[in-house]
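The values are calculated or read from the model by the stated rules, or taken from the named source; none is laboratory data. On a predicted model such as this, the values are computed, not experimentally measured, just so you know. Cβ coordinates were reconstructed from backbone atoms using ideal geometry, including for glycine residues, and neighbour counts include every protein chain displayed. Quick note on the areas: whole protein, heavy atoms, side chains included, nothing else; ligands and nucleic acids left out. Shrake-Rupley method; radii C 1.70, N 1.55, O 1.52, S 1.80 Å.
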Amino acid sequence: MSMMVAPPGLSKVVVADTKVGDVNGDEGFYQYRQYSAIELATSRSFEEVWHLLVYGRLPDPGELAAFCAATRALRTIPPELTSLLRTVALAGGERQLLAGLRTILSATALTRHSLPMWDSSPEQRVADALAVAAVTPTILAALHRIRSGEDPVSPRDDLSTAENWLYCLSGNEPEPGAARAIEQYMIATIDHGFNASTFTGRVIASTGADVVSAVCGAIGAFSGPLHGGAPDRALDALDEIAEVGDATTWAKEQLAQRSRIMGFGHAVYRTTDPRSDMLRDIAIDLGGPLVDFAVQVEKDVVAVLAEAYPDRSLYANVEFYAGVVMDRCGVPRTMFTPTFAVSRVVGWCANILEQAEDRKIIRPSARYVGPPVV
């Protein structure tokens, strides 16, 4: 049987049909279901978009109220995991909270007696997916606070997802402007095509495994610095540039050393990243010296990249301004990637639920290039 060899990284290879969303890198556009993702981020709440991805439609007021009530009731970490939560929080490093999230989520699956999706009804799969997405921010905030020497803050059912996230991090009710900025960031990062973490989650879902296993696999892929681990590194780069005092010199030195410039370039977009464009506007509205500095650095680095790679279109990506916005909203740098995970878990779950409807396992082949059999 003849085999078709896919390009490295499966670039441009279509592996499935989906109704969850799409990314058009040539036009600089992406969508959730039939809606522009950026338009949703500027005009809708996180909960409305969450409902859209799970059920395929935007909710009416009654449906939204019911959805908010149902998901807010799922935010609390099971009390029998209190001891494990503290152990896990103190075991890892300050930038290893995603590893802790995987551990606690696995334990919550045990407390919920989660079944493999192969054996569960569509309704039960949705219930499991909502539970995972709802409790994820509570777990991450608790791990952060314990590592910081503080007690976890119990979630409040009178706050939105974004408000509650900031509240559980700091213990203080957030300013409306900061909460809305974080909410817009979260909406804009819920889903983004078949990226590495989403594809990983779908592969696991194709085996018939439980929802939490698929989400934990997605988290593992997401934690890499070439994927979800980039926002804090982009802000680290801004710190380095501030020390050097010249973004142009810094960028040229990075290229000379063949170092990756975090926060610039994207695997799909051949135009500006629409998420970055939106976040730049949000950052400018928030204002401050860091924002002014970031805007100038973006211009300088893009100019260096254009000179070095005239045949490629390299611009600031979502991670560059994500870190700036989160910093301005009081999110600790170690919690930039976890904030990304709080939103992306909704997209993972939507893709996992869709994949579970297909009863065929994803099982590609590999081409053996080792020594011949002796």
Report the extension gain between E253 and D236 in nm, rounded to one decimal, defined as 0.36 nm multiplied by the number of residues separating them, less their alpha carbon distance.
4.5 nm
Can you tell me how the range 238-305 classifies by the Cα gyration tensor, rounded, prolate or oblate, using a/c under 1.5 as the rounded cut?
oblate
With no solvent and one equal point scatterer placed on each C-alpha of the chain, evaluate the Debye formula and give log10 I(q)/I(0) for q = 0.07, 0.12, 0.14 Å⁻¹, two decimals.
-0.31, -0.93, -1.24
Modelled FRET efficiency - R0 22 Å, Y368 with V14, Cβ distances, 0.05 increments
0.30
Place a +1 charge on the Cβ of each Lys and Arg in the range 130-176 and a -1 charge on the Cβ of each Asp and Glu, then give the dipole magnitude about the Cα centre in debye, rounded to the nearest 20.
260 debye
Most positive-pole-ward Cα, I139, V215, M335, against dipole of the chain from beta carbon charges:
V215
When the scattering of the range 323-364 is computed by the Debye formula from its Cα atoms alone, each counted once and equally, what is log10 I(q)/I(0) at q = 0.27, 0.32 Å⁻¹?
-0.89, -1.02
Once the piece of chain linking D26 and A91 is laid out straight, how much longer is it, given 0.36 nm per residue of separation minus the C-alpha distance between them?
19.0 nm
On the protein heavy atoms, probe 1.4 angstrom, tell me the percent of accessible surface of the range 1-141 carried by carbon and sulfur.
56 percent
What distance in nm lies between label points placed 7 Å from Cα along the C-beta direction at E63 and M4?
3.6 nm
When the chain is fully extended, how far beyond the present Cα-Cα distance does D151 get from T111, taking 0.36 nm per residue of separation?
12.1 nm
Roughly how many nanometres apart are two label points built 7 Å out from the Cα toward the Cβ at E173 and D246?
5.1 nm
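Keeping all protein chains in place and using 1.4 angstrom, which order do R312, R280, R147 fall into by accessible surface area, from largest down? Intermediate results must be reported in sequence, preceding the final value.
Values: R312 140, R280 50, R147 85 Å².
If we order R312, R280, R147 from most to least accessible, we get R312, R147, R280.
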Charge context of R33, other residues only, Cβ under 13 angstrom, K/R +1, D/E -1
-2
Would you mind getting the accessible area per residue of the chain, heavy atoms of the protein chains only, 1.4 Å probe, in Å²?
47 Å²
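Could you state the per residue volume, in Å³, of the convex hull enclosing the Cα atoms of the range 5-149?
Numbers: hull volume 26.8 nm³, N = 145.
So the per-residue hull volume is 185 Å³.
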Projected onto their principal axes, the Cα atoms of the range 76-202 stretch, largest extent first, over whole-Å spans of 43, 34, 29
Computed over the range 1-158, the relative contact order (Cα-Cα under 8 Å, seq sep at least six) in percent reads 20 percent
Find the Cα radius of gyration of the range 29-77, compare it with 2.2 N^0.38 Å by division, and give the number to two decimals.
1.20
What residue among I190, V15, P174 has its Cα farthest toward the positive end of the dipole of the chain, where the charges are +1 on Lys, Arg and -1 on Asp, Glu, each on the Cβ?
V15
Rounded to the nearest 20 Debye, what is the dipole magnitude of the chain about its Cα centre when Lys and Arg each give +1 and Asp and Glu each give -1 at the C-beta?
1260 debye
Which value results for Rg/Rh of the range 218-374 when Rg is the Cα radius of gyration and Rh the Kirkwood radius based on the inverse mean 1/r?
1.07
